[in-house]
1. Would you please state the base-10 log of I(q)/I(0) at q = 0.14, 0.17 1/Å for region A:339-409, with intensities from the Debye formula using one equal scatterer on every alpha carbon?
2. For chain A, report the convex hull volume of the alpha-carbon atoms normalised per residue, in Å³, without decimals.
3. P(r) for region A:216-373: what percent of alpha-carbon pairs falls in each 5 Å bin, starting at zero?
4. Express the C-alpha Rg of region A:311-469 as a ratio against the empirical globular expectation 2.2 N^0.38 Å, rounded to two decimals.
5. Leaving ligands, DNA and RNA out of it, rank A:ARG114, A:ARG221 by accessible area with a 1.4 Å probe, largest first.
6. With only Lys, Arg, Asp and Glu charged, each at its Cβ (+1 for the first two, -1 for the last two), find how big the charge dipole of region A:341-398 is about the Cα centre; round to the nearest 20 debye.
7. First measure r as the distance between the Cβ atoms of A:GLN447 and A:ALA365, then evaluate 1/(1 + (r/R0)^6) with R0 = 22 Å and state the FRET efficiency to the nearest 0.05.
8. Pull up the cross-link candidates among the lysines for A:LYS363, meaning alpha carbon to alpha carbon under 30 Å and not fewer than 8 places away within one chain.
Amino acid sequence: MTAVAHEVIVIGAGPAGLAAAATAAERGLSVLLIDEQAKPGGQVWRNAGAILAETDGSRGALAGSYAGAARALARLEAAGVVHVPSATLVDIAAGEDTEISVGWLSRDGAEAPRIVQARARAVIVATGAQERPVVFPGAELPGVMGIGALQTAMKQSGLVPAGPDVVLAGHGPLLLLALAQIRALGGRIDAILDLGPPRSLLRSARRMPAALAADPGLIARGLSLVMRQALSGVRIYRDVAALRANGGERVEEVSFTSRRRAVTLRCNLLGVHDGVIPNTQVTRLLGLAHRWHEGQAAFAPEVEEDGRSAIPGIWVVGDAAGIGGADVASLAGSSCGHEVARSLGAATGSADPERMRRALRRKRAARTFLDALYPATPLARHADDDALVCRCEAVSVAAVREAIRLGATGPNRVKTFTRCGMGPCQGRMCGNPLTRLVSDETGCSPQEVGALRVRPPLKPVLLRDYLAGEAVP
Amino acid sequence: MTGFRRTGTGRATVTLQVDGRPVAAAEDDTVATALLAAGAASFSRNAKTGAPAAPYCLIGICFGCLCTIDGRPGMQACLVPVRDGMVIATRSLPTPGEAGR
């Protein structure tokens, strides 16, 4: 197969990646966009083509979240970006020379999956976010899913919770949005458990005026969602602690305390949510320094405002660089695309980078209000000894605490002692809880505790994928 | 059985072979959403404990949706778009007797 090397490889086709790829290509660079999903749009714009075209009123109710999707996708196509779907990144290395090597498992098309390798002068990492895995006994039971997963099921296939006994447990903007979306599509919710600690309105109210000035639309949308929750008629349990999912082959009931009174509900589908966190697998593999973001209780890679990292040629934008949402991601992607083009000596474009940076700063300022309003739920609230930290290897909170007692001083030592993080997800689910648990148990800050090391391949692949593979010159 | 139902009409359907039985799916499903819509209670068993595993995230993070697709084991079903005639091996579908509940 003859192939052309590209000047820029963008990883991830969500709002940030789409904007970065299109912008760099519009500035005259050859751009390759690789994405794990079969269609572009990332998570927030999942299945954009079908949803924007829907005329029978079902998923069309979700179209409100897709403002910008049509334009972003049209820009991508018009700019001549080479889009590689169904590509699972397995390795990335910034070597001694000026080029960066990228390898992915290509699952597209009729041929057998195979590893493809390419080199580029710049790589823009736009791998987005994931939900913070919620640790509580029974979380691994079939029927327990992230609330983001319920949104994905709606966007991808128009699936809604039908009951019986659908319970949502969580807090944060995503819960409110998902509730509105589920009800708009005719889905059923039987109870809502407000999972977080009693909210400090005082602490978050302090940041409201700045947020209102920065992004009044965000505040207005939020208030609308809060109102819709209040008017929805669904029973809401406040001040929930000690959450447990009970069942045999599947979740059958959920038990908890609400305002310290014990409650048990029948439950066939439990949606949980405790915020979103950056997906740091790629940035960890690259060896970038990460900083613990106190407000979001998660690590984010240390990069400049425009996405430039400490490694020449590596840029990180969008939620992968720190949770900001889709609007911030789109703006940051465009801004980064311009900076990458400039760094590679492309002709100056007509865009106003300073105006973009000001818009970005405004949108980012509103986020600190949301972070204060919905802080991460402390682990101790629900993570009993028998809860699993590592689902893949079935490592309990008790086992991690024991390892720490025996001298495991950080996540990687805990991994050696217990196998936590050695399963197929390679720490994606246990990483954030593990850092926080070690921090809680040792008294060291999460920054000091650090995170699980990430090694290639980024996802499990077969030897025969390498044997069938090819290099792109 | 999994607590989901489909909304909307008019999407073209494809037929999958799941554990030897034909299952209808919508053309823009992933294997994971198709299995959830069809009532699959679990997609695989945990390699260590044998406990049933099912999707948690549906975006390729949790590895709860692993199954064998067209002979290749360990595929994340949430990342694979359905295709007519696709052969999938998972843990279970409800038996005809259970499916009605």
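The values are calculated or read from the model by the stated rules, or taken from the named source; none is laboratory data. Please read these numbers as outputs of a predicted model, since none were measured by experiment. So basically every Cβ, Gly included, is an ideal-geometry build from the backbone, and we count neighbours across all protein chains shown. The accessibility values were calculated without ligands, DNA or RNA, using every heavy atom of the protein model including side chains. Shrake-Rupley method; radii C 1.70, N 1.55, O 1.52, S 1.80 Å.
1. Per q value, in the given order, log10 I(q)/I(0) is -0.70, -0.77.
2. Per-residue hull volume (Cα only) is 155 Å³.
3. 1, 7, 12, 14, 14, 12, 11, 10, 7, 5, 3, 2, 1, 0
4. Here the answer is 1.36, to two decimals.
5. A:ARG221, A:ARG114
6. 780
7. It comes to 0.40.
8. A:LYS39, A:LYS155
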